[in-house]
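Report on the following structure.
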Amino acid sequence: MKKIMIIGIPGAGKSTLAKQLNKFLQIPVYHMDKIFWKSGWKQISRKELIAETQKIFKKETWIIDGNYSATMEMRMKEADPIIFLHYRTMTCLYGIIKRRITYHNKTRPDLGTGCREKLDWEFFNYVRTFNKKKTSYIYELLSAYTSKDILIFRNRKELTNFLRKIG
């Protein structure tokens with residue numbers, strides 16, 4: 001495991017997993033949210049996001065967490081393994097609410113400077129509908145990479161067992 005991609009439903013714990021893997025493997029972590037969101041929740045362009053992601057690819061090792069369809073397929077080509085946190089919707093809704101409370105009036109370490117934690121209806125609804133609207137697309141992309149290690153975790157217990165093995 002030298003180039004690790006972590007994807008999944010918001011609130012599943014992608015960034016937390018990236019930090020845990022960094023602790024075990026000593027591989028640098030790159031959060032797509034931190035790359036994409038600049039101060040005050042300003043987005044970079046698709047072109048900039050692709051360029052920044054390609055810079056990471058030049059490094060010998062990396063852990064990249066986040067979805068971002070603009071770079072998802074290119075990250076899948078470069079990564080091995082690909083980790084997909086495909087948790088139940090309620091688990092992830094709980095995760096985003098807990099995160100909102102934990103980081104109230106603060107910026108999470110995995111976000112750009114000046115992006116205070118927020119939870120609006122648009123994001124809540126995105127998480128609420130993610131499994132219905134987005135996961136089939138992710139599985140379709142994953143089906144093209146059968147030669148890679150694809151690790152799909154459906155709950156925190158499965159992930160915890162995996163972490164015990166590598167920790």
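The values are calculated or read from the model by the stated rules, or taken from the named source; none is laboratory data. Source: prediction; values computed, not measured. All Cβ positions, even for glycine, are placed from backbone atoms using ideal geometry, and neighbour counts span all protein chains on display. These accessible areas exclude ligands, DNA and RNA; they are computed on the full protein's heavy atoms, side chains included. Shrake-Rupley method; radii C 1.70, N 1.55, O 1.52, S 1.80 Å.
Quick look at the numbers
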| item | result |
| --- | --- |
| Residue in segment 17-31 that is of a type in the set (Gly, Ala, Ser) and part of a loop (DSSP other than H, G, I, E, B) present | no |
| Check on Ile96, outside any helix (DSSP H, G or I) and either open to solvent by 40 Å² or more (accessible area, probe 1.4 Å) or touching a residue at least 40 places away in the same chain (Cβ under 8 Å) (or both) | no |
| Helices (runs of 4 or more DSSP H) enclosed by segment 99-167 - at least 2 residues per element that are of a type in the set (S, T, N, Q), over 26 Å from Lys77 (Cβ atoms) and open to solvent by less than 70 Å² (accessible area, probe 1.4 Å) | 121-133, 156-166 |
| Scope segment 108-167; condition without any contact (Cβ under 8 Å) to a residue 12 or more places away in the chain and among the acidic types (Asp, Glu); matching residues | Asp120, Glu122, Glu140, Glu158 |
| Flag if Thr61 is in contact with a strand residue (DSSP E or B) (Cβ under 8 Å, 6 or more places away or on another chain), more than 22 Å from Asn161 (Cα to Cα) and β-branched (Val, Ile, Thr) | yes |
| Wholly within segment 32-83, helices (runs of 4 or more DSSP H) carrying at least 1 residues that are in contact (Cβ under 8 Å) with a residue 60 or more places away in the chain | 32-36, 69-78 |
| Qualifying residue in segment 49-67 (condition: in contact with a Gly (Cβ under 6 Å, 6 or more places away or on another chain) and open to solvent by less than 40 Å² (accessible area, probe 1.4 Å)) | no |
| Tally of residues being surrounded by 17 or more Cβ atoms within 10 Å (Cβ to Cβ) and in contact with a strand residue (DSSP E or B) (Cβ under 8 Å, 6 or more places away or on another chain) across segment 34-48 | 2 |
| Pairs with Cβ under 6 Å, 6+ apart, first in segment 19-30 and more than 17 Å from Ile7 (Cα to Cα) and touching a residue at least 24 places away in the same chain (Cβ under 8 Å), second open to solvent by 50 Å² or more (accessible area, probe 1.4 Å) and of a type outside the set (Lys, Arg) | Phe24/Ile166; Phe24/Gly167 |
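Listed here are the residues, each with its yes/no results for (1) under 23 Å from Thr91 (Cα atoms); (2) touching a helix residue (DSSP H, G or I) at 6+ places or on another chain (Cβ under 6 Å); (3) not hydroxyl-bearing (Ser, Thr, Tyr).
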{"site": "Met1", "(1), (2), (3)": "no, no, yes"}
{"site": "Gly8", "(1), (2), (3)": "yes, yes, yes"}
{"site": "Ala12", "(1), (2), (3)": "yes, yes, yes"}
{"site": "Thr16", "(1), (2), (3)": "yes, no, no"}
{"site": "Leu21", "(1), (2), (3)": "yes, no, yes"}
{"site": "Pro28", "(1), (2), (3)": "no, no, yes"}
{"site": "Ile35", "(1), (2), (3)": "no, yes, yes"}
{"site": "Trp41", "(1), (2), (3)": "no, no, yes"}
